[in-house]
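Encoded as structure tokens, the structure appears first; notes follow it.
Every number here is computed from the coordinates shown, using simple stated rules; none is lab data. Please read all numbers here as calculations on a predicted model, not as lab measurements. Cβ placement follows ideal geometry from the backbone for every residue including glycine, while neighbour counts extend to all protein chains displayed.
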Amino acid sequence: MNDLKRSSGLSWGLLILRVGAGALLLYGHGWGKLVNFSQYAATFPDPLGVGSPTSLGLVVFAEVFCSIGIMLGLFTRFTLVPLLVFTGVAAFVHHAADPWPKKELALLYAVPFVTLMIAGPGRFSLDAVLARFRKRRPG
């Protein structure tokens, strides 16, 4: 396989991984918390001891806004940090005493996020567009 096909396949794979993981987290978890924020704020779990509303705000930031950033491939590695912290806290702090199935979902989300942290967002991302723009600008 030539380098162009390999590069194209990798970029398509990273696009699917980014959009898939981001959309699933946004739709399946974040959106409901965002639109029902006031209902969840008083009773949301507080595994870090910062208060339920603050914990919910941090989770909504990760699940909604960082997921959108991942899907767009915008500031990808930066937006992955809150997602990896969030999934780590969910698996190892909030669900620390729970059986494996309770930890598994958070860790399943962490796998594509770690992959994207290592591989980057790929050619079909706003990060790649910004990089091409910066290379063209003089000075």
Mean Cα-pair separation over length for segment 2-139, i.e. relative contact order, pairs under 8 Å, 6 or more apart, %:
29 percent
What is the packing order of peptides 65-77, 101-113, 82-94, 37-49, taking the mean over residues of other C-beta atoms within 10 Å and listing the highest first?
65-77, 82-94, 101-113, 37-49
Under 19 Å from the Cα of residue 135 - aspartates and glutamates, other chains or at least 8 residues apart:
127
Take each uninterrupted DSSP H stretch in the chain, measure its Cα extent along the helix axis, and return the ones at 27 Å or beyond whose mean Kyte-Doolittle hydropathy is at least -0.5.
3-25, 100-119
Which labelled figure in (1) 48; (2) 44; (3) 51 is percent of Cα pairs over 20 Å apart, once derived from the coordinates
(3)
Magnitude of the Cβ-charge dipole of segment 19-136, K/R +1 and D/E -1, about the Cα centre, nearest 20 debye?
680 debye
Can you compute the label reach from residue 97? Point 7 Å from Cα along the Cβ direction, backbone N cut-off under 17 Å, restricted to segment 45-59.
45-49
